[in-house]
Amino acid sequence: MGLDMYAWSVAKNSDNEQFAIAEGLEKTEIAYWRKFNALHGWMEDLARELGFEEEFNCVKVQLSPSIIDQLEDDLKHNQLKPREGFFFGGSDIYPEDIEATEKFIADARAEFADGREVYYDSWW
């Protein structure tokens, strides 16, 4: 067991919500991270800012182009801080985590350009 993190792309749908994807929509995985708890913490902080108050596990968070811009800026300026959690792994941030997140940012922008929505999701 451990912290598994995903980014999904889905078709725009009026039933999609800030923290939920409409039933029956096909999800396309555009990113996967394993135990990159600094990114997970950043996403949890985002969810809290957006009003999510429950345990942050198996929660889909809809991302916008402006959120992706903020993530890119925070990533470039070392603003992602490791979080503690039993299943979260160590506190090191590895170059491959940064590279995977940079690729995700580019891929998310491509999905937005194709008229799709992007969500972050995790399971621990």
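Taken together, the values in this text are just the output of simple stated rules run on the coordinates, not laboratory data. Source: prediction; values computed, not measured. Virtual Cβ from ideal backbone geometry, glycine too; neighbours counted across all protein chains shown.
Remark: the Gln79-Asn13 segment gains 20.5 nm on full extension, using 0.36 nm per residue and subtracting the alpha carbon distance. A Cβ-based charge dipole, computed about the Cα centre of region 84-124 with Lys and Arg at +1 and Asp and Glu at -1, lands at about 120 debye. Extending 7 Å from Cα along the Cβ direction at Glu96 and again at Arg34 yields two label points whose distance is 0.8 nm. Rounded to the nearest 10 degrees, the angle from helix 37-49 to the longest Cα principal axis of the chain is 50 degrees.
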